[in-house]
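Each remark here refers to the structure printed beneath this line.
The values are calculated or read from the model by the stated rules, or taken from the named source; none is laboratory data. Nothing here was measured: the structure is a model prediction, and the numbers come from that model. With ideal geometry, Cβ positions are generated from the backbone for all residues, glycine too; neighbour counts draw on all protein chains shown.
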Amino acid sequence: MASTTHLPVINVAPLLGADESSRRIAAGQIGAACRDLGFFYASGHAITDETIAALTDASHAFFGLPHAEKMKIAMSRGGRAWRGFFPVGGELTSGRPDIKEGVYFGEELGEDDPRVKAGLPLHGANLFPSGVPELQTAVTDFMDQSARSAHAIMEGIALSLGLDAQYFRRTYTASPTMLFRIFHYPASDAAEGWGVGEHTDYGLLTVLAQDDKGGLQVKTPHGWIDAPPIPGTIVCNIGDMLDRLTGGVYRSTPHRVLNVSGRSRLSFPFFFDPGFDARVVPLPGRIAHDDSAQRWDKASLHDFTGTYGDYLLGKVGKVFPDLARDVT
């Protein structure tokens, strides 16, 4: 049973190696965390300190630019790829503006990619600021290392469910939907509102690097707990689709952000999700049930029909309703 006051720290390095015994120990620890809270810290991951430092420096440089410079890569310029910058208050959670600004990125895809040719929303080229050229390298490195970490952790999740290690790569993540955000939370206080209001993530797994300011909070059966940064670790949490796959045994847990550090805060969430066209169905032996009464948004994950792309667009469209009208 997980602690009700802090998240467990799990060494996932064995999942990046070949020792079967160590891999299964790590998988068992991940399974326990997914059943109890849906959140854990991961040490031994593939994201280097150098990559995080470079991304932090480049992000500070970008958010320090004049507003007009940042708006040169505004999301409205990203078209169907849904990439680029949004200002403070430009993103909604549960219909309320968040106290943060940020930049949306995704897998870098050229015009000849079949998904781009087919006009799939959220697929295409990223927008990078000419004034901070180092941001492109930092983002690319972070996404590559996050993807390697996520594939390994999903192998652990598969083993924890009694599946073969390659189950998710074979069924859902051979061509995953990979989205990345850089969020900047200005110094504020509780009276100004939440940096991000209560929500769950949409897909399979979120990998999060955060700076030293804190602010992330996780909802437990006994109340909200803080998830402060721990050096050398990333925060991992499961999303709605893994909740759906397991019939609610592994839970997508509500979380939120309140920056009361008195300083600006950076966070770097990487979302590792099923392929856009994947139809996510319960695993064998897992029974779907109406979980709406227990969920923060009172919407059942198991009533949904369609592809993951349909689910994702429905969710993201509520975050950016103006863009949604242009994309869907």
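Structure data summary
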| read-out | value |
| --- | --- |
| Residue check for residue 46: of a type in the set (A, V, I, L, M, F, W, C) and part of a loop (DSSP other than H, G, I, E, B) | yes |
| Residue within segment 72-85 that is over 18 Å from residue 157 (Cβ atoms), in a helix (DSSP H, G or I) and at pLDDT 95 or above present | yes |
| Residues located in segment 79-103, provided they are in contact with a helix residue (DSSP H, G or I) (Cβ under 6 Å, 6 or more places away or on another chain), without any contact (Cβ under 8 Å) to a residue 60 or more places away in the chain and more than 14 Å from residue 122 (Cα to Cα) | 85 |
| Some residue of segment 187-205 being closer than 17 Å to residue 265 by Cβ, under 15 Å from the mean Cα position of the chain (by Cα), modelled with pLDDT of 95 or more and not aromatic (Phe, Trp, Tyr) | no |
| Qualifying residue in segment 201-216 (condition: touching a residue at least 40 places away in the same chain (Cβ under 8 Å) and touching a His at 6+ places or on another chain (Cβ under 6 Å)) | no |
| Matching residues in segment 14-31 - criterion: being in a helix (DSSP H, G or I) and touching a helix residue (DSSP H, G or I) at 6+ places or on another chain (Cβ under 8 Å) | 14, 15, 16, 22, 23, 24, 25, 26, 27, 28, 30, 31 |
| Counted residues, segment 216-245 - those being polar (S, T, N, Q) and either under 19 Å from residue 184 (Cα atoms) or modelled with pLDDT under 95 (or both) | 2 |
| Residue, surrounded by the fewest Cβ atoms within 10 Å (Cβ to Cβ), within segment 60-78, restricted to residues that are farther than 20 Å from residue 187 by Cβ, in contact (Cβ under 8 Å) with a residue 24 or more places away in the chain and of a type outside the set (D, E, K, R) | 76 |
| Hits in segment 13-31 - residues which are more than 18 Å from the chain's Cα centre (by Cα) and in contact (Cβ under 8 Å) with a residue 40 or more places away in the chain | 15, 16, 23, 24, 26, 27, 28, 31 |
| Answer residue from segment 32-44, given it is touching a Leu at 6+ places or on another chain (Cβ under 8 Å) and touching a residue at least 40 places away in the same chain (Cβ under 8 Å) and is surrounded by the fewest Cβ atoms within 10 Å (Cβ to Cβ) among those | 41 |
| Restricting segment 95-123 to residues that are loosely packed, with under 14 Cβ neighbours inside 10 Å and assigned to a loop (DSSP other than H, G, I, E, B), the residue that is modelled with the lowest pLDDT | 95 |
